[in-house]
Amino acid sequence: MAAGGLVLQRAHQFPRFASEEEANQAEKYYGLGSHLESDYKPCWMCKGKLQHIGIPESAKGSEYLNYVYHVMRDNDRVLDPSAQNSVLLTMVGIMETDKGWFAANSGKSNATVADFVCSSSSFYLPSRVQWIDSSTMNARSAYTAGGAKIPSEYIKDCQYQNLPFACAAPKLISYALTNGLQIRAMSEVWFGGTASGGQVIWSCKTCQPLLLMLLCPAKH
């Protein structure tokens with residue numbers, strides 16, 4: 001199970017920040033552990049001995065998801081906390097690959113979000129976004145970019161705020177690794193009626209060690 005020849009940002013070039021305020025002003029990267037100096041821990045698979053790859057933020061993807069978020073908020077009110085049926089609180093991820101664009105949301109796959117994200121994508125992106133059904137993900141059979149099976153206890157130990165593989169990023173990265181896609185860039189945007197709605201978000205504390213293992217070059 002190979003990574004499809006990922007050629008991305010290297011760990012030694014990746015900046016870590018002293019505070020969330022400083023980090024939020026910078027371009028986002030995914031798969032290189034914590035963005036904060038105080039929280040960083042080495043990859044459990046290679047014990048920090050191998051040079052990791054990271055995924056840069058997709059400017060096109062971020063802009064597009066921000067557009068979709070505002071369309072949903074302004075027209076359908078599904079993101080408006082004052083709306084009677086406002087129940088949508090989810091992270092939406094979008095991934096640019098050599099085979100096109102893919103997207104998924106955190107938690108159970110949301111048909112409303114999928115429809116909005118996919119229906120307008122061909123007008124704003126080079127190709128139509130393909131939606132990944134999260135029900136097809138199997139957290140028990142996760143592999144590194146190098147092809148090594150990640151022990152189930154490592155996955156379980158990642159849990160902090162969210163369940164492992166509940167967020168959009170690990171779903172997208174696992175799909176890319178399983179299908180031999182070359183990941184060029186990706187973004188995660190918060191879809192919810194809060195001040196951070198429509199904004200690109202750093203990986204949560206569950207995903208930080210999980211994505212670090214998924215993108216590890218360890219082969220055994």
* Report the FRET efficiency, 1/(1 + (r/R0)^6), for S127 and R16, where r is their Cβ-Cβ distance and R0 is 30 Å, rounded to 0.05. => 0.30
* Candidate lysines for bridging to K41, where Cα separation is under 25 Å - those fewer than 8 sequence places away on the same chain excluded -> K28, K49, K149, K156, K171, K205, K219
* To do: State, to one decimal in nm, how far the label point of N179 lies from the label point of K49, with both points 7 Å from Cα in the Cβ direction.
  => 3.4 nm
* Set the Förster distance to 35 Å, then compute FRET efficiency between V71 and K205 from the Cβ-Cβ distance, nearest 0.05. => 0.70
* Structure fact -> Distance in nm between S196 and E63 label points, each 7 Å along Cα→Cβ, equals 2.4 nm
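Taking the Cβ-Cβ separation of H220 and D98 as r and a Förster radius of 25 Å, what is the calculated FRET efficiency to the nearest 0.05?
Using R0 = 25 Å, I get an efficiency of 0.40.
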* Structure fact -> Per the rule of 0.36 nm per residue minus the C-alpha distance, extending E153 to T112 adds in nm 11.4 nm
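A short reminder: the numbers here are calculations on the coordinates, not readings from a lab. Not measured: the values here are computed from a predicted model. FYI the Cβ positions are ideal-geometry reconstructions off the backbone, even for glycines, and counts take in every protein chain you see.
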